[in-house]
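The values are calculated or read from the model by the stated rules, or taken from the named source; none is laboratory data. The structure presented is a predicted model; accordingly, all values stated were derived computationally and were not measured. Counting neighbours? That spans all protein chains shown, and the Cβs are built from the backbone with ideal geometry, glycine included. All accessible areas refer to the heavy atoms of the entire protein, side chains included, with ligands and DNA or RNA removed. Shrake-Rupley method; radii C 1.70, N 1.55, O 1.52, S 1.80 Å.
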Amino acid sequence: MRFLFKTDYEDDIKLFPHSGYVVSYGILLALLLIAPYVLSSYLMSQLVFVCIYATVGVALLILTGFTGQASLGHAAFLAIGAYTAAYLQKYNVPFPVYFLAAGALSGLIGAMVGFPALRLQGIYLVIATISFALIVEEILARWESVTNGNEGMRVKTLSLLGVTVPRDSPTFYFLCLAVLVLTIVGTLNLLRSPTGRAFVAIRDSETAARSMGVNVALYKVKSFAISAAITGFAGVLFAHKLSFISPEMFTLQLSIEFIIVILIGGTFSLHGAVLGAIFIVMIDPFLTYLKDDMPGIIAGIAATFGAGSATAGNIQSKVAAFASLNGLKGAIYGIIIMLFVLFEPLGIYGRWLKIKLFFQLFPLYKRATFKRQKIYVKSERNR
């Protein structure tokens, strides 16, 4: 077990606490760099979506996990970034320009949303962000001169420095990976800065943050703007990956998926955003497997245990009908959220920390190690 003794402030804000982190992240990065040359095109496509979803997850963590401001409207910021890219492409604007423009516009609108949300907390803030998402979806459907309405917009193949980058090429994957890595490193540096510490102070207690001189309103707006800008960057990559965008692609369900990313991965961890993105991206392949392969497997098992051909066929048809239900995906999301909230509030990354600490402290590990102490000062009880 490694013990870290911090002797000055620089030790506390190091990007990598010790050399082990450098080695492990270096190996992970090397594996990700060689992935396009050893994995199939389908798996590479899934990895691209993992990078995009993880980027949005990190953005949402800045707002929700580190500042304590709930949001169910990030699909709207993703749509703003995607439509900005598609619209500017019509005028042959180069990729670096419309990529930055999408982030800037999303960040500006995020700040505008942050101002009226300053007086809202909890469920009321969630309702406000849902309203914003519905407004954006309606604007995208009605503003036909810009967005083509419900007919959607075709997104041209990305061109970077005069070189065409197809959506299924290794170069596009490396671009998405680079954006994710830069987002994570930038967020880590943000959290080590006075701004990031102000975010965490607001999350823990607005009363205590004000007493320390933190301008709560200013930093809440900053958090909304930064989170929205990063989501706008992800929206550009999302549009290029799909090559076609329409309003019904940016619904409330997509915002819920982003929330599930950080709930499952871990609400207070950047690692959790990546783990949650992997989990969410694998839901669709699982549903396809459940619909196409599982009925036959269950019917085969039934036949093995003596069921007749008619009975096995009946079982197969019922399982196939169940797997094809329209609300199955939403039901799976609801069950997953319930299970994690009840049994593992810290998410997948929290479970990994518990397993790692168990072996580090064995046999002295205590079950209450991660249990939050419910001790508050009098001013906090009415917060």
Over segment 300-360, volume per residue of the alpha carbon convex hull, in Å³: 132
Dipole moment magnitude, nearest 20 debye, segment 155-213 about Cα centre, only Lys, Arg, Asp, Glu C-beta charged: 80
Over 27 Å between alpha carbons, listed pairs 329/356; 14/356; 90/329; 222/329; 222/356; 14/222: 329/356; 90/329; 222/329; 222/356
Residue (of 108, 183, 149) at the positive-pole extreme of segment 99-217, dipole from beta-carbon charges: 183
Derived scalar couplings ³J(HN,Hα) [segment 88-95; Karplus, 6.51 cos²θ - 1.76 cosθ + 1.60; whole Hz; x for Gly, Pro]: 5, 4, 4, 9, 6, 6, x, 4
Over the chain, relative contact order from alpha-carbon pairs under 8 Å, at least 6 apart, %: 26
Unit charges at the beta carbon, dipole of segment 165-253: most positive-side option, 253, 227, 172: 227
C-alpha center-to-center spacing [segment 29-104, segment 133-148] in angstrom: 21
For segment 299-311, 3J(HN,Hα) per residue [Karplus equation, 6.51 cos²θ - 1.76 cosθ + 1.60, θ = phi - 60°, Hz, x = Gly/Pro]: 5, x, 5, 4, 5, 5, 8, x, 6, x, 5, 5, 5
For segment 1-124, fraction of C-alpha pairs farther apart than 21 Å, in %: 63
Cα-based convex hull volume of segment 80-164 per residue, rounded to whole Å³: 101
Segment 176-310 - convex hull of alpha carbons, volume per residue in Å³: 178
Local electrostatic count at residue 75 - Lys and Arg +1, Asp and Glu -1, tallied over other residues with Cβ under 12 Å: -3
Solvent-accessible surface ranking, highest first, for 38, 56, 97 at 1.4 angstrom: 38, 97, 56
Most to least accessible of 212, 249 (protein chains only, probe 1.4 Å): 212, 249
Computed FRET value (nearest 0.05) for residue 43 with residue 164, which takes r as the C-beta separation and R₀ as 25 Å: 0.60
Among 61, 341, 281 - extreme Cα towards positive end, dipole of the chain, charges at beta-carbon: 341
1.4 Å probe accessible area per residue over the chain, in Å²: 54
Test item: Cα-centred dipole of the chain, Lys/Arg +1 and Asp/Glu -1 on Cβ, debye: 1180
Residue 197 accessible area, assembled protein chains, probe 1.4 Å, Å²: 100
Kirkwood hydrodynamic radius over Cα pairs of the chain, then Stokes diffusion coefficient at 20 °C and 1.002 mPa s, in µm²/s: 93
Area projected by the alpha carbon convex hull of segment 230-363, averaged over all directions, nm²: 12.3
For segment 242-285, fraction of C-alpha pairs farther apart than 13 Å, in %: 57
